[in-house]
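The values are calculated or read from the model by the stated rules, or taken from the named source; none is laboratory data. Worth saying up front: this structure is predicted, and the values here are computed from it rather than measured. As a convention, Cβ positions derive from the backbone with ideal geometry for all residues, glycine included, and neighbour counts pool all protein chains shown. In case anyone asks, the SASA skips ligands and DNA or RNA and just uses the protein heavy atoms, side chains included. Shrake-Rupley method; radii C 1.70, N 1.55, O 1.52, S 1.80 Å.
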Amino acid sequence: MGGLLTDSAGVHVAGMYQRGLWQAVRTREVEGRRRDLLRHFRKKLPLTSERRAKDHIISSLSDKLLDFLEDNSLTIVNGRSRGDKDGDFTYISERGSSTIDYCILSQGSLQILLDFKVDDQLYSDHHPLVLTIKGQNFNEKKTKREDYNITRYRWSAEGLAMFKMKLEELREKNIPASDDLVYTFNQRILEAMSSAKITYSIKGGPRKYKPWFDKDCYDMKKLAKESLKKYHKTNRLEDRECYASSRKKYLALLDLKRKGFDNEKQEILRNAKDSKTFWKTIALYKSTSIIQGEIAIQDWLNFYRELMTTEKNLRICNLHNVISQNDPILDTEITNADIYKEIAGLKSNKACGPDGIPNEVLKILPDSYILLLKQLYNSVMTTGKYPAIWTNSTIHPIFKNGYKNSPSNYRGIALISNVSKLFTSILRSRLEEWVEGRRVVPENQAGFRKGRSCIDHIFTLTTLIQLSLRKKRGNYMSFLSI
């Protein structure tokens, strides 16, 4: 007997493993030993009073099981529902076919039953039993693949030429010298992208198949499914053997493809020269199932409104005593060279913010639009007014752990404008130069500094330990996570 499920409503579902029960069940019903079981079928339940089955073998334990079912008012669902009207086999292999897996429900459970079927799958000789029941909507749901719509950018020689030509056409228009400069820049870029047809949407989200599941696997799976479907219709020995053979070949092919894929990726990991290649390979093995709770928009707004409140515990530092008004590093005008330098370090295939402008566009901007960016950035520097559109972000909540309907159990990933990130990267480079030149940061800090990492501290720590061991003296250390 399989597991027994019980809840507060008194619903009991048991999975039975028993061969040769069908013929005995039908025989005893003909003899009149139905008692109270059939009274449920007068209430328009989705079951028929007569059971049908493809398996006609009688088990010696059938009487004992039937006595147990009748004494406890339990009902076998196999062969009586719309989804299993013929009483399909639940076990099919090259050795034979049988109905040895049963779904047995209590009388109370019959009231919430919608349908039952024997599902088709190829990974086991035993086919799964699928029971559909009435119930309230669950608060947790798996996001379907079709719920996602990810924008990708495809660049062709024709599209690139059209994009640049469209930008030059739009440049001839008057450019306002106010806060609308950001809006104008964004609109021209998006219009040129649309004219060049370099954007397209694809289905994203969780993968349906493993990365090694190729066309060969798909075709073999289709062949095995078709042979199984044919056997269900004909119930002939030769069709069963055909299905068993095609299923065996399909599973062998999956094993071959999986091992080949693993060997190939292991070789890539062994020879990886950079972290990008390493983590890109590791990502192929990560689960892509995305689970999200049903959280109302207002709940998200309330959560982030409280999280982003800056009135409490806010400290404003006065930097006038630290930095002069006209620092030669921090306050000089942003030049074309500054912009080109930061653009050269931009990474491709990165998500863009609400403005929809990807890094790939910034990398191919003509000189005239670099001048426009320089005008925009220097305007922000001189006026001190940060464009309001740059303060907007698209937040993607990523579930961490715990209760899935609590916003606090999600890590919010904020996607901001790449144009604003380019500006802040220029400021970051200047601050790094200023900090390093004035030795503001202590020498023993390695975090957030170019050319330094945790490896430096690991080397220092290892050296200290080796010296202590060599001189046979103790060494005390403390690790703080602040």
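Observations on the model:
- Being at pLDDT 85 or above, hydroxyl-bearing (S, T, Y) and under 24 Å from A252 (Cβ atoms) is a property that does not hold for Y102.
- Under the condition of being without any contact (Cβ under 8 Å) to a residue 40 or more places away in the chain and crowded, with 16+ Cβ neighbours inside 10 Å, the residues counted in region 371-380 number 0.
- F423 vs. criteria modelled with pLDDT under 90, open to solvent by less than 80 Å² (accessible area, probe 1.4 Å) and among the aromatic types (F, W, Y): no
- Matching residues in region 240-262 - criterion: being of a type in the set (D, E) and open to solvent by 50 Å² or more (accessible area, probe 1.4 Å): E241, D255
- Restricting attention to region 224-239, the residues that are touching a residue at least 12 places away in the same chain (Cβ under 8 Å) and open to solvent by less than 90 Å² (accessible area, probe 1.4 Å) add up to 8.
- Among (1) of a type in the set (S, T, N, Q); (2) outside any loop (DSSP other than H, G, I, E, B); (3) modelled with pLDDT under 85, the one test that T75 misses: (3)
- Subset of region 447-482 that is under 40 Å from the mean Cα position of the chain (by Cα) and either in contact (Cβ under 8 Å) with a residue 60 or more places away in the chain or farther than 25 Å from E436 by Cα (or both) - its residue that is least open to solvent (accessible area, probe 1.4 Å): T462
- Of all residues assigned to region 52-62, none qualifies as being surrounded by 15 or more Cβ atoms within 10 Å (Cβ to Cβ) and part of a strand (DSSP E or B).
- Of all residues making up region 67-82, the number that are open to solvent by 10 Å² or more (accessible area, probe 1.4 Å) and touching a Pro at 6+ places or on another chain (Cβ under 9 Å): 1
- Extreme residue, nearest to S156 (Cα to Cα), among residues of region 381-407 that are open to solvent by 60 Å² or more (accessible area, probe 1.4 Å) and small (G, A, S): A388
- The set of residues in region 399-420 that are outside any loop (DSSP other than H, G, I, E, B) and touching a residue at least 40 places away in the same chain (Cβ under 8 Å) comprises F399, P407, S408, G412, L415, N418, V419, S420.
- Unmet criterion (only one of (1) without any contact (Cβ under 8 Å) to a residue 12 or more places away in the chain; (2) under 25 Å from M165 (Cα atoms)) for G384: (2)
- If the condition is being open to solvent by 100 Å² or more (accessible area, probe 1.4 Å) and in contact with a His (Cβ under 9 Å, 6 or more places away or on another chain), then region 432-446 contributes only N444.
- Pairs with Cβ under 6 Å, 6+ apart, first in region 111-128 and more than 12 Å from L47 (Cβ to Cβ), second of a type in the set (A, V, I, L, M, F, W, C) and surrounded by 14 or more Cβ atoms within 10 Å (Cβ to Cβ): I112/I133; D120/L228; L122/A224; H127/V118
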